[in-house]
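Comments concern the structure below.
The values are calculated or read from the model by the stated rules, or taken from the named source; none is laboratory data. Quick caveat, the model's predicted, so the values are computed rather than measured. Neighbour counts are summed over all protein chains in view; Cβ atoms, including those assigned to glycine, are modelled from backbone coordinates with ideal geometry. Each accessible area value is taken on the protein alone, full model and side chains, heavy atoms only, with ligands, DNA and RNA left out. Shrake-Rupley method; radii C 1.70, N 1.55, O 1.52, S 1.80 Å.
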Amino acid sequence: MHSHEAVDGAGGYSRNGLLTPLRDRDFRLLWAGMTISLLGDGIFLVAVAWQTYELSNVPTALSLVGLAMSIPHIALLLFGGVISDRFPRRRVMLAADMVRCGAMLLLALLGATGNLELVHLALLAAVYGAGTAFFGPAFDAIIPDIVPPRLFPQANALDQLVKPLALRMMGPALGGWIVGWWGAAPAFALNAGTFIASALALSLMRVSVVHQSGTDQG
């Protein structure tokens, strides 16, 4: 995905600070949308576990939901990479955000009305996993389209910095607070809102190509 020639060359990071890619409007929007979306993903991880245990006290229930989410993600990941190479990557990401948003809104609605069953949770988790299989490769592929090669290491570092912070720390902490006070349905609804925010950021991008390797991404 990312070239490391900026690290290997003379000066490397000394010439380009870690936050330098954020000066680019498109990358700033992309990174902000991803960060918000990752927070939502962290919230979802807590909410789906809580909701699973509320629906079923069978020890294998959470494993089944986890498999339902993971299998489509793994199965479609390679196909998602092919799609991101053949179609405008921003549009692929927008479609993935909208699919996952729809799944989360339906989860929130079913949960709020008391109609949610374990099979619904598993099926919608599978839709969520499938959407992620398309978003991830498109995100990785669009970075070289908006960031010059000399800034690839910094862009990659920012990506790797925010993922554990948002997905593994801040998101789950926020999710636990929301679920503890209001339940899983509002947490699902908030996660849907993060996908809307991500889609809005993507729609505002101009995708000013500086290192084009494929077709027109606009």
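In this structure, does Ser37 turn out to be buried (at least 23 other Cβ atoms within 10 Å of the Cβ) and polar (S, T, N, Q)?
yes
What are the residues in segment 159-177 that are of a type in the set (A, V, I, L, M, F, W, C) and either surrounded by fewer than 21 Cβ atoms within 10 Å (Cβ to Cβ) or part of a loop (DSSP other than H, G, I, E, B) (or both), if any?
Leu161, Val162, Leu165, Leu167, Met169, Met170, Ala173, Leu174, Trp177, listed by residue number.
With (1) touching a helix residue (DSSP H, G or I) at 6+ places or on another chain (Cβ under 7 Å); (2) assigned to a helix (DSSP H, G or I); (3) more than 30 Å from Phe27 (Cβ to Cβ) as the list, and Leu116 as the residue in question, which single condition is left unmet?
Answer for Leu116: the failing condition is (2).
Looking at (1) closer than 20 Å to Pro137 by Cβ; (2) at pLDDT below 85; (3) not aliphatic (A, V, I, L, M), which is the only condition Gly33 fails?
Against the list (1) closer than 20 Å to Pro137 by Cβ; (2) at pLDDT below 85; (3) not aliphatic (A, V, I, L, M), Gly33 comes up short only on (2).
Being in contact with an Asp or Glu (Cβ under 6 Å, 6 or more places away or on another chain), open to solvent by less than 60 Å² (accessible area, probe 1.4 Å) and within 23 Å of Ser63 (Cα to Cα): is that true of Leu121 here? Break it down into steps so the answer makes sense when it comes.
Numbers: in contact with an Asp or Glu (Cβ under 6 Å, 6 or more places away or on another chain): no; open to solvent by less than 60 Å² (accessible area, probe 1.4 Å): yes; within 23 Å of Ser63 (Cα to Cα): yes.
No; evaluated as a whole, the condition is false for this residue.
Within segment 44-69, can you find the residues that are within 23 Å of Leu174 (Cβ to Cβ), open to solvent by less than 70 Å² (accessible area, probe 1.4 Å) and out of contact with any Ser or Thr (no Cβ under 8 Å at 6 or more places or on another chain)? Spell out the reasoning first.
So in segment 44-69, the residues within 23 Å of Leu174 (Cβ to Cβ) come out as 44-55, 62, 65-66, 69.
Okay, now just the ones that are also open to solvent by less than 70 Å² (accessible area, probe 1.4 Å), so 44-49, 51-52, 55, 62, 65-66, 69.
Correct list: Phe44, Leu45, Val46, Ala47, Val48, Ala49, Gln51, Thr52, Leu55, Gly66, Met69.
Restricting to segment 137-156, and then to whatever is open to solvent by 30 Å² or more (accessible area, probe 1.4 Å) and assigned to a helix (DSSP H, G or I), can you tell me which residue is nearest to Phe87 (Cα to Cα)? Outline the logic, then answer.
At the first step, the residues of segment 137-156 found to be open to solvent by 30 Å² or more (accessible area, probe 1.4 Å) are 140, 148-150, 156.
Among the residues that remain, those that are also assigned to a helix (DSSP H, G or I) are: 140, 149-150, 156.
Numbers: Asp140: 14, Pro149: 22, Arg150: 26, Asn156: 23 Å.
Step by step, filter segment 137-156, then rank; the result is Asp140.
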